[in-house]
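Here's the structure we're looking at; comments come further down.
The values are calculated or read from the model by the stated rules, or taken from the named source; none is laboratory data. A quick note: this is a predicted structure, and the numbers were derived from the prediction, not measured. For neighbour counting, all protein chains shown are included, and Cβ atoms are generated from backbone atoms with ideal geometry for every residue, glycine included.
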């Protein structure tokens, strides 16, 4: 009887080891901008709004981050994006300070199975842009993400930087 259990245990351990690791959808970061565009916000009430991109005279920059996800894990999807618009740059640098975040429509959007999901207008931070070469811009963001109105979460700091190239905002 001990031999049968030993053989079953060994076979089960081989079967467990032979199984593949669960597949993972990879993390994707995308840094793009589009000229002759603008961001429009359709406001539903004092808290919720939708974002659309229209033809315009501005440049719209967008950083989107799709986090890695495991198909075998329910509700682990997480996505966030940052976007803003500027007048076409007259030089090789620009800066957006927190007093100008609303004017430049600096928007943060979070998509997740969490109580604080959705887009919101940002107000605190600094965005700097520097033309690196040709059509490539190095953008840095150093700011704070505040909770949606009515949610009781503490604001948290967020920093990122990326090389932005011309491309479509929506893919």
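Brief remarks on what is shown
- Of all residues making up the stretch 48-68, the number that are in a loop (DSSP other than H, G, I, E, B) and either under 22 Å from residue 28 (Cα atoms) or within 16 Å of the chain's Cα centre (by Cα) (or both): 2
- Pairing each residue of the stretch 92-120 that is farther than 12 Å from residue 145 by Cβ with any residue that is assigned to a loop (DSSP other than H, G, I, E, B) and at pLDDT 95 or above, provided the two are 6+ apart or on different chains, yields C-beta distances under 6 Å for 96/104.
- If you go through the stretch 129-141 and keep only what is within 11 Å of residue 92 (Cα to Cα) and either surrounded by 14 or more Cβ atoms within 10 Å (Cβ to Cβ) or in contact (Cβ under 8 Å) with a residue 12 or more places away in the chain (or both), you end up with 129, 130, 131, 132, 135, 136, 137, 138.
- Qualifying residue in the stretch 142-158 (condition: under 26 Å from residue 42 (Cβ atoms), in contact with a helix residue (DSSP H, G or I) (Cβ under 6 Å, 6 or more places away or on another chain) and surrounded by 14 or more Cβ atoms within 10 Å (Cβ to Cβ)): no
- With respect to (1) exposed (fewer than 11 other Cβ atoms within 10 Å of the Cβ); (2) touching a strand residue (DSSP E or B) at 6+ places or on another chain (Cβ under 8 Å); (3) within 18 Å of residue 141 (Cα to Cα), the lone exception for residue 99 is condition (2).
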